[in-house]
């Protein structure tokens, strides 16, 4: 007998041999198919199974090798021995492989962007300065974003209504951003008591001020905390995941501790409420505990964060109490 199998709806049945190699339509879904000789079809399936089995064994060997290598690297290069502000070590596959495996075990494809973990540049230092002084600098950052969105490059910062502390921080911000080449030049017009900054037009600089700095800040803040407390983990910034149903999501920050505890973090500023339902569904889809699925909202009052955390099945923090929450997750009080 010949075999009839639809590649679209998987309907299968036997038919007379006289229909072998003839084209027809599936009686269920009307998808066009070709009728095969049963023996030939079986041989194709056996070969595919054999090939896939070989590939599976190769993959299993690679997983075991990477797991052993990951353990060896961590033991020989513990986090406390790494200069987290100037290293490419975090880009190595052996460092982030546990995260890939964690998602694969949930039938989720993950695309890693290794360059997002390269701290040899100044994105991390610049982000930490902004985040640590966000109360004073947030209006300037918003102004930079606005100017860039209009394809301009000059930012004007009046100082007449600023306190001495604010002026000191703003002047230091300008100097550091200039030293790190985020801004091309700046000068203080003493007559008008105004600072003028010329922002670099490079796409990476625009992305940085448009929000990527929050990812860098959050990543480095947690890495510093883990470094100081000798907490080993795998970490990744800016990764893409794809579920079996082909839906895709971007993740800002993901940590996986040595005891396989996931820590998922999204970084936001300004309006975030429209995203609550999306992240609630994503948390359930990934089966991550509420306490480990964090929306870090920069500039949000702590009491407000606590209030909406009690309302929704997500955890809300701001940039100031994020580490306190991370400490609870990893058992460091």
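The values are calculated or read from the model by the stated rules, or taken from the named source; none is laboratory data. Since the model is a prediction, treat every value here as computed from it, not as a measurement. FYI the Cβ positions are ideal-geometry reconstructions off the backbone, even for glycines, and counts take in every protein chain you see.
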When (1) surrounded by 13 or more Cβ atoms within 10 Å (Cβ to Cβ); (2) within 19 Å of residue 90 (Cβ to Cβ); (3) in contact with a helix residue (DSSP H, G or I) (Cβ under 7 Å, 6 or more places away or on another chain) are applied to residue 257, the one that fails is (3)
Checked against (1) more than 15 Å from the chain's Cα centre (by Cα); (2) part of a helix (DSSP H, G or I); (3) over 23 Å from residue 145 (Cβ atoms), residue 246 satisfies every condition except (2)
key: Residue within the stretch 34-49 that is outside any helix (DSSP H, G or I), modelled with pLDDT of 70 or more and loosely packed, with under 12 Cβ neighbours inside 10 Å present   = no
Reported set for the stretch 202-232 where residues are touching a strand residue (DSSP E or B) at 6+ places or on another chain (Cβ under 8 Å) and without any contact (Cβ under 8 Å) to a residue 40 or more places away in the chain is 205
